[in-house]
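Visitor: I'd like to ask you about the structure that follows.
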Amino acid sequence: MSRAHASRHRLALAVTAALAVTVGTLVAVPAGAATGAVTSAAAPAAPQDLVAYPGGSIAGSGPSGYLTIRSVDGKLHYGWTRYTDGVTTPLPDGSYTSNQRTDAVTKADGTVYTTYDMATGAETSVIDIAPLGDGFDRARGAGSALVATKANATGGRDIHVIRKQRGTLVDDKVTGLPADALITRIEIDSPETAVVLYTGTVDGTPRSRAAVVDLQSHTVTEEYDTQRVTAKSDTALSATHIAWVEQPTDVESTLVIVRRDSGQTERVPLGAAQNVPIGLVGDWLTYGQPGGYVAWESDPLHALTARSLTTGATVRLLDDLTQAVPGPGGTQTVRGGTLAGGEGLYRVSVGADGVPFTEQVASSGVPTALAPVSDRVPQVIDFDLTPAPVHLSWTFSRKADVRVELTHDATRKTVRLRDPADGSGTNSVRWDGLLDASDHRFPAYNGSYTWHMTATPANGIGPAVEKSGTFTIVRKPVPHDFTDDGTTDLLVRDGSGGLYRYDAIFTLGSWPHLDPVRLGEGFDVYDQLLAPGDIGGSSAADVLGRDRSGVLWLSTGAGQTLVARTKVGGGWNIYNKITAGGDLTGDGRTDLVATDKAGDLWLYRGTGSAAAPFAPRTKIGHGWGIYGKIVATGNIGGGTAGDLVARDTSGVLWLYLGKGDGTFAARTRIGGGWGPYSQFVALGDTDRDGRPDLLTQDPAAGDLFLYKGTGNWKAPFEPRGAVFNSLGGTPLTLF
């Protein structure tokens, strides 16, 4: 079988204006300029630029250009694109097929078929098959002829080759097929030859066969038995071999390769694969599973592979395959992509060394390798303004599986997140604002973070993409927060003077009993300990301790630790009760109140300076000797300033609403029965509902109870809830 081998440098002529209007002008490059994933010594060098692929599916390829089909708003649009300069000629409305391996296209308009030479724009033939009667299926062009099928009287279908000879319509029925042949597929390989898959009765036995049809003599010249084939089973033909795809099951495929001179047959199982296009290029068979670019998982068949017909060796030609059609001069034209060249149109040829290679004809402008498009990671995450969960997203050129690691720069604490491919092209990890520990998760610290994102292509084609960046977490300072994570903590001193921190993470009404973090030792020198919040001006929570000689000491918080203590002043042993933890004066600073042995109440206004944290005292009340406990709770009454609660000797708890000027409104009875509690801790807002809460301890068993704030001064606390039983060990001081 002879085929004219068109010169790679042949220039395509413009199509006449009567046929269509040429639109668009793209950068012109030599038609032979190309790049490929695999090359031989004879392969051309990769170009620096390429013409653009016009989009849509490829329907055929000739020496000077190729036919494409695009669907726009449900309507098919056909166009012819030249290799040399990428100029696309839109074809007039109608339905077109390619005369394979040539520059001819055939337009169908009812029973009228018009064939055009797209290299010259000339009309080469017009054939109206109406005189032949009804019953023909849609014909396809083969050179200047048409190939169609028509039902016969025995229930089978005949193949007809229809042409004009000296103006006369000639209809030749292909001979050599059984009368009851049911045509599964006709693949027109060239103007001279077609391959037909059919089922029919041969020598009295139902058979499935592949037949080679000479379209010039309209006869079957060769036949081969096949196993199960379908209308999507592709075929290929060369001077030496015929090949087709069998489908043993609906999801499996097998390549069948037969030498035409000897009938020697080789079957190559492909496993789970469907709609596999094949081509014969030189002494190689190409094959692959289309759809790799948009696939959800890795599959070696997504590559376009060439298999040697002599040795069985394979060569990877493209990294992913979209579509393939026969090309001019024994080549193959393929849509797909390489990691080097990206998506586009490629030509498969054989080099002088006999090894196949690809040359890129046009570029779609889309990378085959996974490529980042954009990301949306905020520079600053303010968890007060944007509560968790926070969405961090990255957009890619195609589907990817994304894994993200967030690392707190100061502590190196991390959290790992994942968003599997979902088809949208955008991966968004949903971060709940927690970091990971070996046995639990905890709120993320404030401060600077580094994110590292790894995106793995869902289809397994190409390398993973890695990218890093930074962001910062900020929150308003939270009273009783000694970890800079926006949540409250409980400080505990044991009997040996060791100071420990418990993360007060409340979930579903329970408090996980996590191992405490040791903050220091030697705290047994103090007879009173307070966690007043920030009084030193650093925004971190601090600790106040009064030693037994009456000296008050400040241990300033550093977010994760306490720094060395500084002396506030002496003479504090005149007070039997000291509390701090709220702004009583409305200036935004934490204040301290204390009662002396005479029952007078004194206010120490906060200054915000660690060197001198309190202004001179001011007397703001008397008669406080009736109370055994006083606690600065913060604003629990829903007003504008910090409040106090006080328990009298009969176990009644009273609320003093702060006025915001350092004084209090008349007391309000909260309720009785508070006598059994030995310790009261104003932990702040433990459940993040915007209202301060109160922690108590029953000394009999060491049980802790949480009273959640309501924000209602008439009933400022909900009924108590147990958080966990017994901190254990020696007597503990909670604050």
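Visitor: Taking the range 375-422, which trypsin sites (Lys or Arg not before Pro) meet the DSSP loop condition and have no more than 13 other C-beta atoms within 10 Å?
Guide: Listed in order of number, the matching sites are Arg412.
Visitor: Along each principal axis of its Cα atoms, how long is the range 76-149 end to end? Whole angstroms, biggest number first, please.
Guide: Over the range 76-149, Cα extents along the principal axes are 44, 23, 18 Å.
Visitor: How much of the accessible area of the range 575-641, probe 1.4 Å, is carbon plus sulfur, in whole percent?
Guide: 50
Visitor: Estimate the FRET efficiency between Ala700 and His622 by the formula 1/(1 + (r/R0)^6), using the beta-carbon distance for r and 60 Å for R0, to the nearest 0.05.
Guide: Details: r = 34 Å, r/R0 = 0.57.
Between Ala700 and His622 the formula returns 0.95.
Visitor: Another question about this same structure. What does the accessible area of Lys164 come to, in Å² to the nearest 10, when a probe of 1.4 Å is used?
Guide: 100
Visitor: Now, a different point. Please give the FRET efficiency for Asp436 paired with Asp689, using the beta carbon to beta carbon distance and R0 = 25 Å, rounded to the nearest 0.05. Please report the intermediate quantities before stating the final value.
Guide: Values: r = 25 Å, r/R0 = 1.02.
That gives a FRET efficiency of 0.50.
Visitor: A further question on this structure: Considering only C-alpha atoms, what is the centroid distance from the range 664-735 to the range 372-440, in Å?
Guide: 37
Visitor: Suppose each label sits 7 Å from its Cα in the direction of the beta carbon; what would the Leu169-Thr566 distance come out to in nanometres?
Guide: 10.6
Visitor: Hey, another quick one. Magnitude of the Cβ-charge dipole of the range 479-617, K/R +1 and D/E -1, about the Cα centre, nearest 20 debye?
Guide: Details: 12 positive and 18 negative charges, 105 e Å.
My answer is approximately 500 debye.
Visitor: Same structure, new question: Mind checking the per residue accessible area of the chain for me, 1.4 Å probe, whole number of Å²?
Guide: Solvent-accessible surface per residue comes out at 42 Å².
Visitor: Let me ask you something else. Using the Cα centre as the reference, give the magnitude of the dipole from point charges on the C-beta atoms of the range 106-161 (Lys, Arg: +1; Asp, Glu: -1; all else neutral), rounded to the nearest 20 debye. Mind showing how you got there, number by number?
Guide: Numbers: 5 positive and 7 negative charges, 40 e Å.
Approximately 200 debye in magnitude.
Visitor: Additional query: At 0.36 nm per residue, and after removing the present C-alpha to C-alpha distance, how many nm does the segment from Glu266 to Thr230 gain when stretched out fully?
Guide: 11.0 nm
Visitor: Let me ask something additional. How do 583-591, 472-480 rank on mean C-beta neighbours within 10 Å, highest first?
Guide: Ranked by mean Cβ neighbours within 10 Å, highest first: 583-591, 472-480.
Visitor: Among Asn573, Ala303, Leu529, whose Cα lies farthest out toward the positive end of the dipole of the chain, if unit charges sit on the beta carbon of Lys, Arg (+1) and Asp, Glu (-1)?
Guide: Highest projection toward the positive end goes to Asn573.
Visitor: Then there's this: Is there a quick way to get the dipole size of the chain? I mean about its Cα centre, with the Cβ of Lys and Arg at +1 and of Asp and Glu at -1; what is the value in debye to the nearest 20? Show your work: numbers first, answer last.
Guide: On the way: 64 positive and 77 negative charges, 229 e Å.
Computed charge dipole of the chain: roughly 1100 debye.
Visitor: Put a dot 7 Å past each Cα toward the Cβ at Ser448 and Ala722; how far apart are the dots in nm?
Guide: The answer from the label model is 4.7 nm.
Visitor: Go ahead and run the numbers for FRET between Arg259 and Asp375, Cβ-Cβ distance against an R0 of 56 Å, rounding to 0.05. Spell out each step's value before the answer.
Guide: On the way: r = 55 Å, r/R0 = 0.98.
Approximately 0.55, to the nearest 0.05.
Visitor: Dividing the convex hull volume of the alpha carbon atoms of the chain by its residue count, what do you get in Å³ per residue?
Guide: Dividing the Cα hull volume of the chain by its residues yields 244 Å³.
Visitor: Treat each spin label as a single point 7 Å out from the Cα along the C-beta direction, and report the Ser428 to Ala352 distance in nm.
Guide: Inter-label distance under the simple model: 5.8 nm.
Visitor: Which of the listed residues, His622, Gly634, Thr585, is farthest toward the dipole's positive end in the range 584-681, when Lys, Arg count +1 and Asp, Glu count -1 at the beta-carbon?
Guide: His622
Visitor: In addition: Per 0.36 nm of contour for each residue apart, how much would the distance between Ala598 and Thr201 grow if the chain were fully extended, relative to their Cα-Cα spacing?
Guide: That works out to 131.0 nm of additional length.
Visitor: Let me ask another. Over the range 205-313, with every protein chain in place, what whole percent of the accessible area is carbon and sulfur at 1.4 Å, could you tell me?
Guide: On the way: 2270 of 4580 Å².
Solvent-exposed carbon and sulfur of the range 205-313 make up 50 percent of the total.
Visitor: Please list the equivalent ellipsoid semi-axes of the range 563-633, computed as the square roots of five times the alpha-carbon gyration tensor eigenvalues, in descending order and whole angstrom.
Guide: Working: eigenvalues 87, 42, 24 Å².
Sorted largest first and rounded, they come to 21, 15, 11 Å.
Visitor: Here is a further query. With an 8 Å cut-off on Cα pairs and a minimum separation of 6 or more residues, tell me the relative contact order of the range 199-354 in percent.
Guide: Normalised by residue count, the contact order of the range 199-354 is 12 percent.
Visitor: Ordered by packing density, taken as the mean number of other Cβ atoms within 10 Å over each peptide's residues, highest first, how do 271-280, 316-325 rank?
Guide: Packing order, densest peptide first, comes out as 316-325, 271-280.
Visitor: Looking at Ala273, Pro463, Leu285, which one has the Cα that reaches farthest to the positive end of the dipole of the chain (charges on Cβ: Lys, Arg +1; Asp, Glu -1)?
Guide: Pro463
Visitor: As a test, work out the antiparallel percent of DSSP beta bridges whose residues both lie in the chain, rounded to the nearest 5.
Guide: So the antiparallel bridges in the chain amount to around 100 percent.
Visitor: Could you calculate the contour length gain from His391 to Leu732, that is, 0.36 nm times the residue separation minus the distance between their Cα atoms, to one decimal place in nm?
Guide: Using 0.36 nm per residue and subtracting the Cα-Cα distance, I get 118.6 nm.
Visitor: To continue, here is another question. Take each of the peptides 139-152, 241-254, average the number of other beta-carbon atoms within 10 Å over its residues, and list them starting from the highest.
Guide: The peptides rank, most packed first, as 139-152, 241-254.
The values are calculated or read from the model by the stated rules, or taken from the named source; none is laboratory data. Owing to the predicted nature of the structure, the values given are computational and were not obtained by experimental measurement. Here the Cβ is made from the backbone with ideal geometry for all residues, glycine too, and neighbour counts use every protein chain on show. These accessible areas exclude ligands, DNA and RNA; they are computed on the full protein's heavy atoms, side chains included. Shrake-Rupley method; radii C 1.70, N 1.55, O 1.52, S 1.80 Å.
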